[in-house]
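Inspection log for the structure reproduced underneath, given as structure tokens.
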Amino acid sequence: MKKLRILHVTFDMAIGGTEQVIRQLVLNLPAAEFDNEIFCIDGKIGAIGEQLQQQGIRIHQASRKGGLDFVLIKTLRQILFNGEFDVVHCHQYTPWVYGWFAAWGCKAKVVFTEHGRFFPDRSRGKAIPLNVLMALTTSAISAISAATRDALARYEWVPKTLVQVVYNGIQPLTVEMSKVSELRSKLGLTDDLLVLGTIARLDPVKNQAMMLHAFALVQTEFPNSRLLIVGDGPSRQELEQLTLELGLKELVIFTGFINEPVSYLQLMDIYLLSSLTEGTSMTLLEAMNLGKPCVVTSVGGNPEIVIDKVSGYVTPSNDPGSFANAIKKLLSDTNERNIFGVKGRNIFYEYFSIERMTVRYKEIYTKGF
């Protein structure tokens, strides 16, 4: 069997969950069976894309114009023809639209993956007829969680029976404990302190404001706890101001963006995710891989990843009291933290490994060839 040529179509290859999935696929699909290239429709390649270029992965790019950009469709179509691609894998809804139009008359079959929904979600009424047509003529459609699949059916009218769930997977993390010790000392986190933490873009949809309110409640009972917030984004100034208002300035550490935050994650005794919406959080998977008990909100794919009262606690969305109570339970019970951590690590290897994800997509790509 000849190598299958796959073109991944996405917005860009900056830092994000979708981009990480594409990177994992490009680097982990068997090189003897697959050739992978990437097409970015929004005019920039991004940090992950630049890393992949250095590893020999070819990346195309174009600058999408407003409305339906027919020039972009023509450009993508030419790449599909010239590259003799067998599969065009469209990541997210808008790349699907362009990939679907461009693939007409080409030999490449269309695969679409929905990686997550915007918040608040909405339906594009005028697009519903086209969505149904695209769904019925797309070779395979997948979503990264059951919640994402259900949203795709509800808001885009894609028949649920056509959408298969393929959970994200990641490579197991490697931790250098000497670096972790150095970092703990650098951050002033003495051994008697319990570290709560999160790694995420500082954005309203991640709702770190609720996390800070919950942490203020936790502090009343656990003054030896600290909160480590790893990441940057548009909400940073607002969150830092809220920290001052809540009297938490000396108790919360904002690190800014960290390119490889594994040492920071290893420092955390409990991992927190307070989002208003999620698909399959890659950093949540990383936390489980390292055996961290988790407290998450019951949105999107979170309840599919963290099993309530088994590997962590799942709390109502935007409820600082419930979020704080779950954290307090874990802080007060070292044994439960350890048990939840072990359970989470086992769940990770059973359902969220890179091997499992790669096998599922390999099956999708090769079907019919």
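Computed from the coordinates by the stated procedures, all read-outs in this text should not be read as laboratory data. From a predicted model like this one, the values you see are computed outputs, not experimental measurements. Neighbour counts are summed over all protein chains in view; Cβ atoms, including those assigned to glycine, are modelled from backbone coordinates with ideal geometry.
By DSSP, what percent of the beta bridges with both residues in segment 206-319 are antiparallel, rounded to the nearest 5? Each step should come with its number before you reach the end.
Numbers: 1 of 13 bridges.
If we restrict to bridges inside segment 206-319, about 10 percent are antiparallel.
Starting from the Cα-Cα distance between W104 and E221, subtract it from 0.36 nm times their residue separation and give me the gain in nm to one decimal. Please report the intermediate quantities before stating the final value.
On the way: separation 117, 0.36 × 117 = 42.12 nm, distance 6.22 nm.
Roughly 35.9 nm would be gained on extension.
Compute the Kirkwood hydrodynamic radius of segment 1-94, taking the inverse of the mean of 1/r over all pairs of distinct Cα atoms, and give it in Å to one decimal.
On the way: mean 1/r = 0.0741 Å⁻¹.
About 13.5 Å, per the Kirkwood formula over Cα pairs.
Determine which residues of segment 176-219 fall in the zone a paramagnetic label at E260 would reach in this model, i.e. backbone nitrogen under 12 Å from the point 7 Å along Cα→Cβ.
176, 179
Kirkwood hydrodynamic radius of segment 112-236 from all distinct Cα pairs, in Å? Mind dumping the intermediate values first?
Working: mean 1/r = 0.0544 Å⁻¹.
Roughly 18.4 Å, rounded to one decimal.
Just need the Rg to Rh number for segment 250-330, please, alpha carbons only, Kirkwood Rh. Don't skip to the end; give the middle numbers.
Details: Rg = 12.4 Å, Rh = 13.1 Å.
On the Cα set of segment 250-330, Rg over Rh gives 0.95.
Rounded if a/c is under 1.5, else prolate if a/b is larger than b/c, else oblate: which is segment 175-222, with a ≥ b ≥ c the root eigenvalues of its Cα gyration tensor?
On the way: a/c = 3.47, a/b = 1.44, b/c = 2.40.
Verdict is oblate for segment 175-222.
Whole Å is fine, so just give me how far the alpha carbon centre of segment 253-319 lies from that of segment 320-351.
Segment 253-319 and segment 320-351 have Cα centres spaced 10 Å from each other.
Counting Lys and Arg as +1 and Asp and Glu as -1, what is the net charge of the other residues whose Cβ lies under 15 Å from the Cβ of W104?
With Lys, Arg at +1 and Asp, Glu at -1, the neighbours total +4.
Need one number for the chain: average projected area of the convex hull over its C-alpha atoms, nm². Display every interim value, and only then the final one.
Values: hull surface 74.4 nm².
Spelled out: convex hull of the Cα atoms, projected over all directions, averaged, 18.6 nm².
If you stretched the chain out fully between N325 and I339, how much longer would it get, using 0.36 nm times the residue separation minus the C-alpha to C-alpha distance? List each step's numbers first, then the result.
Working: separation 14, 0.36 × 14 = 5.04 nm, distance 1.84 nm.
Contour length minus the Cα-Cα distance gives 3.2 nm.
Express in whole angstrom the spacing between the alpha-carbon centres of segment 2-72 and segment 166-222.
So the two Cα centres are separated by 30 Å.
Excluding D232 itself, what net charge comes from residues whose Cβ is under 14 Å from its Cβ, given Lys and Arg +1 and Asp and Glu -1? Walk me through the numbers before you get to the answer.
Working: positive: R201, K206, R236; negative: D203, E238, E240.
That works out to 0.
Please list the three semi-axes, largest first and in whole Å, of the ellipsoid equivalent to segment 27-140, using sqrt of 5 times the eigenvalues of its alpha carbon gyration tensor.
24, 17, 15
Count the net charge of all other residues whose Cβ sits under 9 Å from the Cβ of E156, scoring Lys and Arg as +1 and Asp and Glu as -1.
Details: positive: R124, R154; negative: E114.
Taking every Cβ under 9 Å from that of E156, the sum is +1.
Could you work out the relative contact order of segment 106-151, using alpha carbon pairs under 8 angstrom and six or more residues apart, expressed as a whole percent?
Values: 34 pairs, mean separation 27.5, N = 46.
It rounds to 60 percent for segment 106-151.
Quote the relative contact order of the chain in percent (integer), defining contacts as alpha-carbon pairs under 8 Å separated by 6+ residues.
Working: 700 pairs, mean separation 53.0, N = 369.
Over the chain, the number comes to 14 percent.
Which peptide among 310-319, 64-73 comes first, and what is the full order, when sorted by highest mean count of other Cβ atoms within 10 Å?
The densest-packed peptide leads the list: 310-319, 64-73.
Stokes-Einstein at 10 °C, 1.306 mPa s, Kirkwood radius from Cα pairs: D for segment 177-351 in µm² s⁻¹? Could you put the intermediate results ahead of the total?
Working: Rh = 15.8 Å.
Diffusion coefficient, whole number: 100 µm²/s.
What FRET efficiency would be calculated for the residue pair T137, D308, taking the C-beta separation as r and a Förster radius of 41 Å, to the nearest 0.05?
Rounded to the nearest 0.05, the efficiency is 0.55.
At a 10 Å Cβ-Cβ cut-off, how would you order H89, H213, H115, fewest neighbours first? Walk me through the numbers on the way to the answer.
Numbers: H89 28, H213 20, H115 23.
Arranged by neighbour count, lowest to highest, H89, H213, H115 become H213, H115, H89.
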